[in-house]
Every structure is written in structure tokens, then in C-alpha cells.
């Protein structure tokens with residue numbers, strides 16, 4: 001049951017066709033509803049964390065952006081460089097493309113990797129979506145496939 005106290009944030013995304021959010025994961029559950037236009041989500045399970053090549057201190061040039069960069073993959077999942085990231089070859093066949101149209105909603109559990117591309121009719125270049133994030137329970141964080149996120153959460157989210 002979702003309680004008001006669990007709500008982490010709301011976001012209104014307004015953009016145009018062709019905008020991309022590179023592959024990343026969220027540290028809260030994420031519900032995206034398309035209000036106008038379309039979006040294509042390419043998703044990948046958290047069990048593939050190592051193959052997704054999350055940024056490191058070295059790969060981001062020492063700019064940690066309060067830990068945010070570590071949630072992003074170094075890989076362009078649509079056109080991956082398999083010479084640079086050979087481990088991603090095993091993940092490619094596991095990627096799922098989900099096409100959201102106006103009025104549709106996608107639930108992304110905490111830890112799921114997702115690449116997002118805004119699509120739609122180029123003659124109507126406006127895309128609007130609503131994002132709702134809510135905090136995962138401690139039981140959810142304890143699940144085996146999310147152990148890597150527990151370390152991330154401890155370091156970056158529970159400072160207060």
C-alpha cells in the first residue's frame with residue numbers, strides 16, 4: 001500500500017521528439033504516465049548490474065554529482081560498443097523495448113535499468129509525461145538481486 005509518507009517526488013517532463021535519457025536506474029519505484037506524445041523505454045533487470053558498466057569515479061572524471069552519475073551506464077544500449085564493453089553482449093538479448101503511448105503508464109521497480117527515448121509525431125513536437133517516485137520498503141531493499149543498491153543507498157541516500 002502506497003502511503004503519502006512514501007512519496008519521494010513528482011516530476012513533469014516536457015520535451016520534444018528525439019530526446020534521450022541514457023540508461024540508468026532509480027533508487028525509488030518509478031511510475032511514468034505519458035500525457036502527450038510517446039516514449040520508448042528499453043529496460044533491463046537489476047540482475048545485469050555488472051554488465052551495464054555503471055560509471056565509476058574514473059569514468060566520470062572525478063565529478064560525482066552527489067552520487068547521481070553512478071546510477072548511469074557508460075553504454076549506449078541502442079548502439080553499444082561491444083569491443084569496449086564485451087560483457088554487454090550477454091545482456092543485449094535480455095533487453096525489452098516498451099512503447100508507451102498517450103494515456104499509458106509504466107511501473108519501473110527500484111533498480112531496473114532504463115533508457116528512454118521520446119518519440120511521436122514530428123509535426124506535433126510536444127511530449128509531456130508525469131513521473132511519480134516512491135520509496136521502496138526495507139524488505140524490498142533486502143532482496144538478493146538488489147544488494148548492490150543497498151550499498152549505494154547507504155552511501156548516498158541515508159545521509160540525513
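Observations
- Förster radius 35 Å - calculated FRET efficiency between residue 45 and residue 79, Cβ distance, rounded to 0.05: 0.95
- The modelled label-to-label distance for the pair residue 12/residue 90, using points 7 Å beyond Cα in the direction of Cβ, is 4.5 nm.
Since every read-out is calculated from the coordinates, none of them should be taken as a lab result. As the structure is a computational prediction, the values presented were derived from the model and not from experiment. Note that we place each Cβ from the backbone using ideal geometry, even for glycine, and neighbour counts take in every protein chain shown.
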